[in-house]
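All remarks here apply to the structure that follows.
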Amino acid sequence: MHRFPLTAIAATLLLAAPALAQSDQLGVPGPISFEDRAYELAWTAQPSDNYFKQEYVPEGQSVETYSEMILVEAVAGAITPMQAAALQVQSLEARRGSDPVFNYDIIQNEATGEVLLDFLVSDLAADPVVIEWNAYRYVPLAEGEGVALFAVSRRGYGEEGARSFMGGLGAMRSAAIKALSAHDLPAIAIAP
């Protein structure tokens with residue numbers, strides 16, 4: 001199964017087709033430690049000259065069928081964290097009415113300029129069904145020219161796995177959002 005197309009930054013800022021990269025593009029080779037678990041760099045892409053994506057999973061998991069994932073992305077250019085989050089919300093809104101679990105919440109930290117987007121989606125037509133929860137933390141790039149994304153994604157597969165996932169979502173969501181909000185961000189460096 002392929003990942004949901006959930007990052008909307010590229011949809012409006014970038015026109016180039018994705019080009020897979022084979023190594024770290026952001027100066028974040030991993031592992032990334034999050035909630036006492038190590039996440040290794042598993043996939044990178046540079047969809048355009050100014051947009052980079054990296055996905056990290058625990059040992060034994062893959063980006064296609066992960067249960068837990070960390071995402072690090074960066075886009076250089078004239079975009080703010082709130083604009084990036086709004087683009088993602090616009091993309092997510094297309095699910096309204098067709099995705100029975102679809103829900104999201106957005107929190108802005110005006111003091112730091114950061115935005116946290118927390119959302120739940122599903123693919124009930126997939127075999128097996130997939131329930132996916134994400135928390136995206138958008139932050140301004142250090143040089144003030146663009147946005148970085150530090151995010152956590154969790155999934156449950158199959159009817160039994162989806163039920164179990166939904167049953168534990170409240171506690172898992174609260175803990176992960178708290179950890180994500182307090183996590184020291186990796187130093188992201190967009191290659192020239």
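The values are calculated or read from the model by the stated rules, or taken from the named source; none is laboratory data. Remember, predicted model here, so these are calculated numbers, not experimental data. Cβ placement follows ideal geometry from the backbone for every residue including glycine, while neighbour counts extend to all protein chains displayed. Calculation scope for accessible area: heavy atoms of the full protein, side chains included, ligands and nucleic acids excluded. Shrake-Rupley method; radii C 1.70, N 1.55, O 1.52, S 1.80 Å.
Consider region 66-82 and keep the residues that are modelled with pLDDT under 95 and not hydrophobic (A, V, I, L, M, F, W, C). The one that is nearest to the chain's Cα centre (by Cα) is Thr80. Selection of strands (runs of 3 or more DSSP E) fully inside region 107-179 by the criterion of at least 1 residues being open to solvent by 10 Å² or more (accessible area, probe 1.4 Å), acidic (Asp, Glu) and touching a residue at least 24 places away in the same chain (Cβ under 8 Å) returns 114-123. Applying the condition of being modelled with pLDDT under 95 and open to solvent by less than 40 Å² (accessible area, probe 1.4 Å) to region 28-43 and asking which residue is nearest to Ala175 (Cα to Cα) yields Gly30.
Going through (1) open to solvent by 20 Å² or more (accessible area, probe 1.4 Å); (2) among the hydroxyl-bearing types (Ser, Thr, Tyr); (3) closer than 18 Å to Val28 by Cβ one by one, Tyr51 falls short only on (1). Restricting the first member to region 79-105 and to residues that are at negative phi, and the second to residues that are outside any helix (DSSP H, G or I) and of a type in the set (D, E, K, R), the beta-carbon pairs closer than 8 Å and six or more apart or on different chains are Pro81/Glu114; Phe102/Arg95; Phe102/Arg96; Tyr104/Asp118; Asp105/Asp118. Of all residue pairs spaced 6 or more apart or on separate chains, none has beta-carbon atoms under 6 Å together with a first member in region 33-52 that is more than 17 Å from Val63 (Cα to Cα) and a second member that is aromatic (Phe, Trp, Tyr) and open to solvent by less than 20 Å² (accessible area, probe 1.4 Å). Restricting Arg173, Arg163, Arg137 to residues that are within 23 Å of Leu26 (Cβ to Cβ) and basic (Lys, Arg) narrows the list to Arg137.
The residues of region 64-79 that are β-branched (Val, Ile, Thr) and surrounded by fewer than 15 Cβ atoms within 10 Å (Cβ to Cβ) amount to a single one, Thr65.
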